[in-house]
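Below: the structure, in structure tokens.
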Amino acid sequence: MKGANHVMTKQIWNIVFSILLLPVNFCCAFWIFREAMNLTGMTFQEFLRFASDLNLPSTSSHRSLQKRQRFLVAFFREKSSDPKKSIRLMWTFGICTLPGFAALTLAVYCARDPEHLRYAFIGNLILVLINIGLVIWKKIYRNNHPLDELLAEKLEAKHSKEKEEGKKNRRKNIIVYSLVGAFFFGILLFFMFLYIGDSNHSDSNSIGRDEAAIVLSERGYETANVPVTYWELDENKLMYVCAGVKGEDKFEFYEYSDDETTDLVYNQISYNVSPDMEPSEREKHETVLSDGNKMFTAVVDGVYHLVMYQGNTVVYAYSPDSLDEINDILMQIGYLKSR
């Protein structure tokens, strides 16, 4: 199904892009954390060594989070030349990392339903603009809040020393960080694709509401302003309908709010197609498919009719020639499986 594959590709790209926005956002916002650290005269590596010696809890429980927050407040009050400013910067850093978590939410939102693609794309675009804003803010902030010259020279010397020491294990660190990043990225992708698979499985008895119209248009059917035959059947539960006409052939697609309605609509249309047919004869024209759905076919007054339901959707089609093209359409949109 060309249309479905195209949608799936866009869905995957949106998910990948959303996941990548998490580390991108952290990198764009990390300068705020470094500004808070600069006021202490310590580099980030020094801070990590200092914090590791205290054996802070690594769990994400509420109590552990509170303990780490108290540690940071106490740390800046003791070490920073401007404790209030450092603490304020840390709170700002925490707020500015929220777009990264919002990106993960968008990934889940996109994986849940392909129809969310447009909104997920808009959300990702907004997050990209936020990250660009963080980068611009970094330049503006550093121009307006320069460090004390002595402190800046002290930090520059420390950074240079750490950079020289880091060169010795640079290749090893790049490999390790790349593998760790790829591992977590792969884990996130795995769960997102698993989520997509579950969503597709739960919708396996239904098709996308736009797919029928796309396929009909590709096959030369006129789909604009085409009336449908059974609009009035359970109209209050009818969510979507489309129809296509090509010559004397017609294909109609109905989507309802629940599966129970489709069974009733299917029976009603089948009866309307051949109201004089005896129940025993009607059974001979009905096929129960492997997935539990039903298909009714009959030739009435030289016209081939087909009625079928799948999940919360119903198809009604007819042709004076044969059901060959109708069956091809049903296979193309996933209603019938090729044998």
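Checked across region 16-27, the condition of being of a type in the set (Phe, Trp, Tyr), modelled with pLDDT of 90 or more and either surrounded by 13 or more Cβ atoms within 10 Å (Cβ to Cβ) or over 23 Å from ILE130 (Cα atoms) (or both) holds for at least one residue. Scanning region 290-304 for residues that are surrounded by fewer than 14 Cβ atoms within 10 Å (Cβ to Cβ) and under 35 Å from the mean Cα position of the chain (by Cα) gives SER290, ASP291, GLY292.
Beta carbons closer than 8 Å, at least 6 apart along the sequence or on distinct chains, pair a first residue in region 66-78 that is surrounded by 12 or more Cβ atoms within 10 Å (Cβ to Cβ) with a second that is hydroxyl-bearing (Ser, Thr, Tyr) for PHE75/THR40; PHE76/THR40; PHE76/SER86.
Checked against the criterion of being at pLDDT 85 or above and out of contact with any Ser or Thr (no Cβ under 6 Å at 6 or more places or on another chain), the candidates LEU216, LEU188, LEU238 yield just one match: LEU238. Within region 314-334, not a single residue is over 21 Å from SER217 (Cα atoms) and either of a type in the set (Lys, Arg) or exposed (fewer than 11 other Cβ atoms within 10 Å of the Cβ) (or both). Taking region 217-247 as the range and being loosely packed, with under 13 Cβ neighbours inside 10 Å and polar (S, T, N, Q) as the test, the residues that pass are ASN225, ASN236.
Consider region 229-270 and keep the residues that are hydrophobic (A, V, I, L, M, F, W, C) and either part of a loop (DSSP other than H, G, I, E, B) or in contact with a helix residue (DSSP H, G or I) (Cβ under 7 Å, 6 or more places away or on another chain) (or both). The one that is farthest from TYR318 (Cα to Cα) is LEU233.
Per-residue answers, yes or no, for (1) more than 11 Å from ALA29 (Cα to Cα); (2) surrounded by 14 or more Cβ atoms within 10 Å (Cβ to Cβ); (3) out of contact with any Phe, Trp or Tyr (no Cβ under 9 Å at 6 or more places or on another chain):
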| residue | (1), (2), (3) |
| --- | --- |
| ILE87 | yes, yes, no |
| PHE93 | no, yes, no |
| TYR109 | yes, yes, no |
| ILE122 | yes, no, yes |
| LEU127 | yes, yes, yes |
| ILE132 | no, no, yes |
| ILE140 | yes, no, yes |
| GLU153 | yes, no, yes |
| ALA157 | yes, no, yes |
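The values are calculated or read from the model by the stated rules, or taken from the named source; none is laboratory data. Model, not experiment: these values are computed from the prediction. Cβ sites come from the backbone with ideal geometry, for glycine too, and all protein chains shown count toward neighbours.
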